[in-house]
Ligand code: SF4
C-alpha cells in the first residue's frame with residue numbers, strides 16, 4: 001500500500017476521508033486505487049476544477065497567514081469580489097475575535113488500530129469554549145445536506161478534533177463554505193454532539209475492522225476485496241469489473257451510486 005507513514009509508525013496505514021468514503025462505497029475499487037495503484041485518468045474538467053480549487057485554497061491560506069493578496073486580486077476583479085464577499089461572510093458567521101487562535105491548513109492525526117487517521121482543516125478557529133472547523137469548497141452548495149453530513153469528510157473531521165483535543169463534542173462544529181464565481185458564498189454548518197461522536201466511533205470501528213479482514217485475506221490468501229451486496233445493477237465501475245460477464249447497457253446511468261462517486265471526487269476538491 002502506498003500510504004504508509006514511515007517516519008513515526010512504519011506499519012501504520014494512513015487513511016483520510018477520501019479513502020474512507022471509497023472503502024465504504026466500493027471495496028474492490030479501493031483495492032485497485034490504493035493497493036494496486038490502478039487509477040483511471042482524471043478528466044480535463046476535473047483537472048481544471050482541481051487546479052482552481054488548489055489556487056483558491058492557497059489564496060485563503062495566504063490571507064490567514066497575514067500575507068498580502070493585492071497583487072493577485074487586483075488583476076482578477078471577479079476573484080477579488082468573491083474573496084471579499086467570503087471574508088466578510090466568514091467574519092460575520094464565526095468567532096474570529098482578537099483572542100481567537102486560528103490556523104489555515106491545520107493537520108490532525110490519530111492512531112487507531114493499524115491505521116493513522118488524518119485530516120487537514122482548511123481553517124481551524126479556536127476560542128475558549130468553542131472550536132470551529134472551516135472548509136472551502138469551490139462549487140455551489142449541494143441540495144442534499146444529509147449526504148454531506150454522512151460524508152466521511154464531515155464525520156472524520158469532527159471525530160478527530162473531539163478525539164485529539166480537550167473540547168467536548170458539543171463545543172465543536174464544522175462549516176463548509178461554497179464559493180463559485182459569480183455566486184454569493186453560501187455555507188452549511190454541522191454541529192457535533194456526544195451521540196454523533198458515539199455513532200461515528202462505531203461506524204469507524206466497523207469499517208476499519210472490515211479493512212483489517214480484507215487486507216488479511218488479500219495479503220495472505222490472495223483474495224480480492226469483496227463487492228458490496230446488491231449494487232452490481234447500478235455499479236459505476238461496471239465496465240472495469242464486470243464487462244466480461246454481461247452487457248454494459250444494464251447499468252442504470254443515473255443511479256445513486258454514480259452521484260456518490262461524483263461526490264467523492266467533488267469533496268476532495
Ligand atoms: S458492484 Fe460495483 S460499486 Fe458495488 S462493490 Fe462492486 S464494483 Fe463496487
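If r is the Cβ-Cβ distance from residue 71 to residue 201 and R0 is 41 Å, what FRET efficiency results, to the nearest 0.05?
Calculated transfer efficiency: 0.35.
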Exercise for the section: Send over the semi-axes of segment 6-266's equivalent ellipsoid, whole angstrom and largest first, taken as the square roots of 5 times the C-alpha gyration tensor eigenvalues. Expected result: 34, 24, 17
Handout entry: Percent breakdown of C-alpha pair distances by 10 Å bin, ordered from the shortest bin, for segment 57-103
Key = 23, 55, 20, 1
Exercise for the section: Just need the relative contact order of segment 6-266 here, percent rounded to a whole number, with Cα pairs under 8 Å and 6+ apart. Expected result: 19
Completion exercise
With label points set 7 Å from each Cα along the Cα-to-Cβ direction at residue 146 and residue 194, the distance between them in nm comes to 2.7
Handout entry: Calculated FRET efficiency for the pair residue 51/residue 97, C-beta based, R₀ 51 Å, to 0.05
Key = 0.90
Problem - Linear extension gain, residue 110 paired with residue 220, 0.36 nm per residue minus alpha-carbon span - result: 36.9 nm
Handout entry: Label-point separation in nm, residue 210 to residue 120, each point 7 Å along Cα→Cβ
Key = 2.7
Problem - Space enclosed by the convex hull of the alpha-carbon atoms of segment 34-126, per residue, Å³ - result: 146
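Only the coordinates and a few stated rules stand behind these numbers; no lab work does. The structure presented is a predicted model; accordingly, all values stated were derived computationally and were not measured. Cβ: placed from backbone, ideal geometry, glycine included. Neighbour counts: every protein chain shown.
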